[in-house]
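Asks: Following this message is one structure expressed as structure tokens.
Taken together, the values in this text are just the output of simple stated rules run on the coordinates, not laboratory data. All of these numbers come straight from a predicted model, not from anything done at the bench. Cβ sites come from the backbone with ideal geometry, for glycine too, and all protein chains shown count toward neighbours.
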Amino acid sequence: MTALRRASTTPPVPDPVPRIAAAAARTRQLAVAGIYRAGSGHPGGSLSCADLLAALYTTELNIPGGAATDPTRDRFVLSKGHAAPALYAAWAAAGYVSDEIPLALRRINTKAQGHPHVLDMPLSETSTGSLGQGFSAAIGMALGLRHQYIDARVYTLLGDGECQEGEIWEGAMCAAHHGLSNLCAIVDYNKLQSDDRNANIMGLEPFAAKWRAFGWNALEIDGHDIKAILAALTTAAETPDQPTMIIAHTLKGKGVSYMEDQALWHGSVKMKPDETRHALTELGASQSDIDLWMTP
Amino acid sequence: MSAPALIAQSGDSLRESFGKALAALAETRTRVVALDADIAGGTGLHHFRKRHPARFFQFGIAEQNMMAVAGGMAATGLVPVVTTFAVFCLRAVEQARLSIAYAKRNVKIVASHPGLDVGPDGGSAQALEDLAAFRAIPGMTVISPADPHEMALATEAVLDFDGPVYMRTGRSPARSVYTDGHSFKIGKGHILRDGNDVTLIACGVEVARAMEAAERLAAAGISARVVNMATIKPIDTDLIACCAEETGAIVTCEDHNIHGGLGGAVAEAMAATRPCPIEFVGVRDVFGESGEPDELAEKYGLTAPHIAAAAKRAMARKRRG
């Protein structure tokens, strides 16, 4: 709500929520279409983070020129690199790239690598896909920007299972120790990982308490509530002296009924045509888009 | 009571030479920052910390995070120099692979305490696998200078080179091979002593031992060429082919496992160009143990007499061939 109050002090601006919701829907559709066309990829964790990505790329990130060239740009690092289908789709939905990019996912001789690769896609800011590393790289960016007195923010999205990596807690200590208030991390807390529920694989709770104990400003939100996402991002930006962790409670496979809350759809999966048609329909894709995307 | 003398800061070691050179070179290279994991006193980085405190970053005993953070800092235009012991670089090989090499970041990884040269700390601390591990990473330049003088030159070359580098320093007081007038170039081996019968190709602390071996061989009437191959990757293939052609026998000498390091790099280069008999002086696929560096070098076969014996074996095979 802070974001809306702040906005009211300046000339009226259109409510960003409908725009973000539309971008999130488009992100989900393109992610699923890309995974179908690739014959592999991770739908569950792509669908769970679509609202977060849509909020970041539609309104939050300041990326002058829409490319990773301006040194003063905000940075976003997808530390849970296996959600690359959603990242490419979110870029397309927000107008940074054409639909061809998410639809070319995982194909040989294309730039849409299975996990984001900065040399192919500069907007991914670093290469990820090995859990824990994107978080550290984002910390490095935040440190580097602050060292050079560049007033830009760094955002990174983590998976919940990713937080079982020791490197995450090395980084958690580090970012708090260095007081990186220009860093905002978000956990896509969908409670499921590759094989089973987090709680059965390696429990994370008490999760927010862990981050607070490590010196972070930890917030908990519904990761599908766009207003709550925007408010948390604003709180993060206004919090001095410490990094912010937004624990976003989400639903794995969000938006596709047969995928929701099912570890089976963590991936990497080969989606069948009828499953894909069903999913795209539930996600609100138009018939013409479905026909176009499902044509080999 | 006075403070105990820190072994780490004593002697004319490669790490001290690196630390002094880095601190001086950073005066004009303002994008250089240094990263430490609580061992600046041991890596030589204490010189930099003292001279450039605002460009010194502490990460605590957490090398994996530090390595990937370096990649992120480089992404903002800085030139991070990451320092820790070689064995802890091994701990963060995957971070160096993905967040530095795969992302093509201009990061310099400088590893002190490699090999049996570590001495009394024992097998757990003696990295004998680092050259092999880092050499296998695409795009990673791998360097192991021979003495304090070359270390300073290599530090300058590495800072001015655009791309990821893994560079070994060394713990123990090092013997000098060079005085003034040496010029270091990444990717180029250097003929320290000419000879016709066999070539001893060495890196790091083994260069001085190879020179000593050449003296011994000369006394026995054998003319040994000595090459300081400070750059293990990209290896100087032309020089190796030339040595194979002109001397017909090669011995590689390294304070590292005989598998995958300098010996492997030389053998690969030679096999693809001008094959000749080759013998490998190095640690023979075992871990080290506690002891003084020279005692360990003798026990594990790295000293001049072992190199000379290997030279004779290589030459004997040449005659049979």
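Asks: Could you work out the relative contact order of region B:231-321, using alpha carbon pairs under 8 angstrom and six or more residues apart, expressed as a whole percent?
Replies: That works out to 32 percent.
Asks: Among DSSP bridges having both ends in chain B, what percentage is antiparallel? Round to the nearest 5.
Replies: 15 percent
Asks: Follow-up. A:D196 to A:S257: FRET efficiency via 1/(1 + (r/R0)^6), r the Cβ-Cβ distance, R0 25 Å, to the nearest 0.05?
Replies: After rounding, the FRET efficiency stands at 0.75.
Asks: List the DSSP H helices in chain A whose Cα atoms stretch 24 Å or more along the helix axis and whose mean Kyte-Doolittle hydropathy is at least 0.0.
Replies: Helices meeting the criterion: A:16-38.
Asks: Looking at B:A208, A:A54, A:A285, which one has the Cα that reaches farthest to the positive end of the dipole of the protein assembly as shown (charges on Cβ: Lys, Arg +1; Asp, Glu -1)?
Replies: Farthest towards the positive end: A:A285.
Asks: Where does the Debye-calculated log10 I(q)/I(0) of region B:190-320 sit at q = 0.18, 0.22 Å⁻¹, using only Cα point scatterers of equal weight, no solvent?
Replies: -0.87, -1.31
Asks: Here's another thing I want to ask about it. Once you have the Cα-Cα distance between A:R107 and A:R19, take 0.36 nm times their residue separation minus that, and quote the gain in nm to one decimal.
Replies: 28.7 nm
Asks: Based only on Cα atoms, what Rg/Rh ratio does chain B have, Rh being taken as Kirkwood's radius?
Replies: Result for chain B is an Rg/Rh of 0.97.
Asks: For a paramagnetic label modelled at 7 Å from the Cα of A:E205 toward its Cβ, which residues of region A:151-189 fall within the zone defined by backbone nitrogen distances under 12 Å?
Replies: None, by backbone N distance to the label point.
Asks: Further question on the same structure: Starting from the Cα of A:K111, draw a straight line to each of the lysines and keep only those under 23 Å, dropping any in the same chain fewer than 8 residues away.
Replies: Filter leaves A:K80, A:K270, B:K104.
Asks: Quick one: the Cα spread of region A:24-151 along its three principal axes, in angstroms, biggest first?
Replies: Principal extents (Cα only, largest first): 44, 28, 27 Å.
Asks: Okay, next question. I need the semi-axes of the equivalent ellipsoid of region B:130-242: take the C-alpha gyration tensor, multiply each eigenvalue by 5, square-root it, list largest first in whole angstrom.
Replies: Rounded to whole Å, the semi-axes are 25, 16, 12.
Asks: Ordered by packing density, taken as the mean number of other Cβ atoms within 10 Å over each peptide's residues, highest first, how do A:129-139, A:256-266, A:224-234, A:74-84 rank?
Replies: A:129-139, A:74-84, A:224-234, A:256-266
Asks: Spin-label point model (7 Å from Cα, Cβ direction): what's the A:D225 to A:S40 distance in nm?
Replies: 3.9 nm
Asks: Once the protein assembly as shown is represented by equal point scatterers at the alpha-carbon sites, with solvent omitted, what log10 I(q)/I(0) does the Debye formula produce at q = 0.05 Å⁻¹?
Replies: Debye intensities relative to I(0), on a log10 scale: -0.27.
Asks: Return the loop-located chymotrypsin sites (Phe, Trp or Tyr not before Pro) in region A:137-239 (DSSP other than H, G, I, E, B) with at most 12 other Cβ atoms within 10 Å of their own Cβ; answer none if there are none.
Replies: For chymotrypsin sites (Phe, Trp or Tyr not before Pro) across region A:137-239 that sit outside H, G, I, E and B with at most 12 neighbouring Cβ atoms in 10 Å, the list reads A:Y149.
Asks: Which three extents, in whole angstrom, do the alpha-carbon atoms of region A:127-276 cover along their principal axes, largest first?
Replies: Here the Cα extents, ordered largest to smallest, are 53, 32, 30 Å.
Asks: Charges at C-beta only: +1 for Lys and Arg, -1 for Asp and Glu. How large is the resulting dipole of region B:71-149 about its Cα centre, in Debye rounded to 20?
Replies: For this selection, approximately 420 debye.
Asks: Would you give the gap between the C-alpha center of region A:248-277 and the C-alpha center of region A:72-148, rounded to a whole Å?
Replies: Each part reduced to its Cα centre gives a spacing of 22 Å.
Asks: Would you kindly compute the Cα radius of gyration of region B:188-248 and its largest Cα-Cα separation (Dmax), both in Å?
Replies: 11.0, 34
Asks: Right, another one. State to the nearest 20 debye the size of the charge dipole of region A:178-296 about its Cα centre, where the only charges are +1 on K and R beta carbons and -1 on D and E beta carbons.
Replies: Using Cβ point charges on Lys, Arg, Asp and Glu, region A:178-296 gives about 200 debye.
Asks: For B:V283, list long-range residues whose amide hydrogen, built 1.01 Å from N in the peptide plane, is under 5 Å from its own amide hydrogen.
Replies: B:H256, B:N257, B:I258
Asks: Starting from region B:215-321, pick out the trypsin sites (Lys or Arg not before Pro) whose DSSP state is loop and whose Cβ has at most 15 other Cβ atoms within 10 Å.
Replies: Loop-located and lightly packed - B:R284.
Asks: What percent do you get for the relative contact order of chain B when only Cα pairs under 8 Å and 6+ apart count?
Replies: It rounds to 17 percent for chain B.
Asks: While we're looking at this one, here's another question. Roughly how many debye, to the nearest 20, is the charge dipole of region A:16-294 about its Cα centre, given +1 on each Lys and Arg Cβ, -1 on each Asp and Glu Cβ, and no other charges?
Replies: For this selection, approximately 360 debye.
Asks: Same structure again: Mind checking which of B:T303, B:T84, B:T30 has the largest fluctuation in a GNM of chain B, springs on alpha carbons under 10 Å?
Replies: Of B:T303, B:T84, B:T30, the Gaussian network model singles out B:T30 as fluctuating most.
Asks: Rounded to the nearest 500, what is chain A's calculated 222 nm mean residue ellipticity when only DSSP H runs of at least 4 contribute -39500 (n - 2.57) each, over all residues?
Replies: -12000 deg cm²/dmol
Asks: Taking a point 7 angstrom from the Cα of B:A54 along the C-beta vector, which residues in region A:145-181 have backbone N less than 12 Å away?
Replies: A:147-149
Asks: Where a Cα-Cα gap under 22 Å defines reach, which lysines qualify for B:K20, not counting those fewer than 8 residues away within the same chain?
Replies: Partners found: B:K50, B:K108, B:K185.
Asks: Still on this structure, I have one more. Which whole-number percent is the relative contact order of chain A (Cα, under 8 Å, 6+ apart)?
Replies: 23 percent
Asks: Compute the helix-to-body angle for B:237-247: its Cα long axis versus the longest principal axis of chain B, expressed 0 to 90° and rounded to tens.
Replies: The two axes meet at around 30 degrees.
Asks: Starting from the coordinates of the alpha-carbon atoms of chain A, obtain the Kirkwood hydrodynamic radius over all distinct pairs and give the value in Å to one decimal.
Replies: With all distinct Cα pairs of chain A included, I get 18.9 Å.
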